[in-house]
């Protein structure tokens, strides 16, 4: 048991328990951030006494995350190759990375192997791969999409991701319920699904005309039609991304205006 700064209404110094005392208070509950220092010190002392073991890094979920990071340079190299099937290979790497994103989360839940390092690296790996693919698509979009037409949604998506990363970091440091206000919601999941599908399609269609020696007019028309559909789907994902950002901002706006005070119900 340790004390924190500040006094209650009756003048007594409130005490924050280190370990579970009820169903609502436990070691990792988002209670007053001032107690974070004491919880971390308690864990550090236990670690120094040999009561805690370090979490393993090479768990199956983390291996999937490491593989997703390792696929980024492979993706870039395939993008710049001149082979006729380069677009298909590039899209295959991107889809594989998207599947590992689902797989590591599934394994972490199924095997109960969640770790602090995995929680840190998983979103970082996603953003690295997605940002790399978006930037490359903006530099050489599939016909008939112009560079400007592709650059606008790309800039909006990347700006949204940077803003969300900063918002989550601020919420984690603020406590007082702000951290719970930026948890992933269904709107963000729909955004991610549409974004992955549209980007995969755009990557396949980037040089799809090279798959045929002499593309017919019908093939070119269908290629352009599918490209426009994929581009519109990317814009839809961008719209959902901006809506989800607005939703997150609305959830934490109270904590911007009244730092440290819980949000009224």
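The values are calculated or read from the model by the stated rules, or taken from the named source; none is laboratory data. Being a predicted model, the structure only gives us computed values, none of them experimental. Virtual Cβ from ideal backbone geometry, glycine too; neighbours counted across all protein chains shown.
Observations on the structure shown:
- Per-region count, segment 101-128, residues part of a helix (DSSP H, G or I) and farther than 20 Å from residue 172 by Cβ: 10
- When 173, 159 are screened for being out of contact with any helix residue (DSSP H, G or I) (no Cβ under 6 Å at 6 or more places or on another chain), modelled with pLDDT under 90, part of a helix (DSSP H, G or I) and in the same structural domain as residue 128 (by TED's automatic domain parsing), only 173 passes.
- Qualifying residues in segment 129-154 (those that are touching a residue at least 12 places away in the same chain (Cβ under 8 Å), surrounded by fewer than 16 Cβ atoms within 10 Å (Cβ to Cβ) and in a helix (DSSP H, G or I)) - the one nearest to the chain's Cα centre (by Cα): 135
- Any hit, segment 65-87, residues being assigned by TED's automatic domain parsing to the domain that holds residue 206, crowded, with 17+ Cβ neighbours inside 10 Å and either more than 19 Å from residue 130 (Cβ to Cβ) or modelled with pLDDT under 85 (or both): yes
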